[in-house]
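Below is one structure, written out as structure tokens, with a few remarks after it.
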Amino acid sequence: MKVTVLAVATSRHKGTPKSVVKEVILREDHGIEGDAHAGAWHRQVSLLASERIEEARQKGFEVSFGDFAENIATVGIDWKGVSIGSRFLVGESAVLEITQIGKECHGKCAVYYRNGDCIMPREGVFARVIRAGRVRQGDNLLPLEELASR
């Protein structure tokens with residue numbers, strides 16, 4: 001399986017679109033430096049398949065990377081098919097562990113009002129940082145099970 005990071009994004013406030021940046025620094029058991037979702041909890045980093053963003057575009061939404069408040073947009077994986085507890089090497093050294101698939105929204109956020117829909121509750125996955133590192137566009141995500149079998 002080849003999974004690639006297409007974009008990384010951050011925001012200072014929860015419930016808002018994120019801005020695409022060149023790279024992010026993941027801190028162990030904290031999340032992305034400077035991101036609103038960082039902290040000692042299970043949803044430190046959010047991931048979304050770029051294929052789902054493209055589907056939203058095809059439905060007429062004017063969206064780009066970060067518009068659904070995802071930290072990492074990927075290509076090559078259906079995140080809804082990944083098991084809780086799966087671990088991924090991201091870039092050269094960062095390790096993420098999947099902690100949640102989808103989420104419950106308690107109200108309509110800025111992302112919903114801007115786009116008319118938010119696909120994160122249905123399509124997004126969330127992770128915690130197991131090992132620190134830098135992540136940037138073009139990096140690979142490798143399931144740790146795949147690395148162990150090499």
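See the values below:
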| read-out | value |
| --- | --- |
| Count of lysine pairs in the stretch 3-148 with Cα separation under 19 Å (8 or more residues apart, or interchain) | 5 |
| Amide hydrogen neighbours beyond the local backbone of Ala49, cut-off 5 Å, H modeled | Thr74, Trp79 |
| Charge dipole (debye, nearest 20) of the stretch 1-73; +1 at Cβ of Lys and Arg, -1 at Cβ of Asp and Glu | 80 debye |
| The stretch 1-90 shape via C-alpha gyration tensor axes, a/c threshold 1.5 | oblate |
| Where GluC sites (Glu not before Pro) in DSSP loops with at most 15 other Cβ within 10 Å are excluded, longest remaining stretch of the chain | 105-150 |
| Residues of the stretch 32-54 with amide N under 19 Å of the 7 Å Cα→Cβ point at Leu144 | 32, 40-47 |
| Interatomic Cα distance distribution for the chain, bins of 10 angstrom, percent | 12, 47, 34, 7, 0 |
| Net length gained if the chain between Tyr113 and Glu28 were fully extended (0.36 nm per residue, minus Cα distance) | 27.3 nm |
| Note, ³J(HN,Hα) from phi for the stretch 19-27, Karplus 6.51, -1.76, 1.60, rounded to Hz, x at Gly and Pro | 9, 5, 10, 5, 7, 10, 10, 9, 9 |
| Inter-part distance where the stretch 85-139 and the stretch 8-69 are each reduced to a Cα centre, Å | 7 Å |
| Met120, Met1 arranged by Cβ crowding within 10 Å, fewest neighbours leading | Met1, Met120 |
| Inter-site label distance for Glu104 and Val82 at 7 Å from Cα along Cβ, in nm | 2.3 nm |
| Over the chain: helical MRE at 222 nm, DSSP H runs n ≥ 4 each giving -39500 (n - 2.57), nearest 500 | -3500 deg cm²/dmol |
| Sparsely packed trypsin sites (Lys or Arg not before Pro) within the stretch 50-121, loop by DSSP, other Cβ within 10 Å at most 15 | Lys59, Lys103, Lys108 |
| Relative exposure of Leu141, Leu26, Leu48, judged by other C-beta atoms within 10 Å (fewest first) | Leu141, Leu48, Leu26 |
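The numbers here are math on the coordinates, done by the rules we state, and not lab data. Quantities reported herein were computed from a predicted structural model and do not represent experimental measurements. Cβ atoms come from the backbone with ideal geometry, glycine included; neighbour counts cover every protein chain shown.
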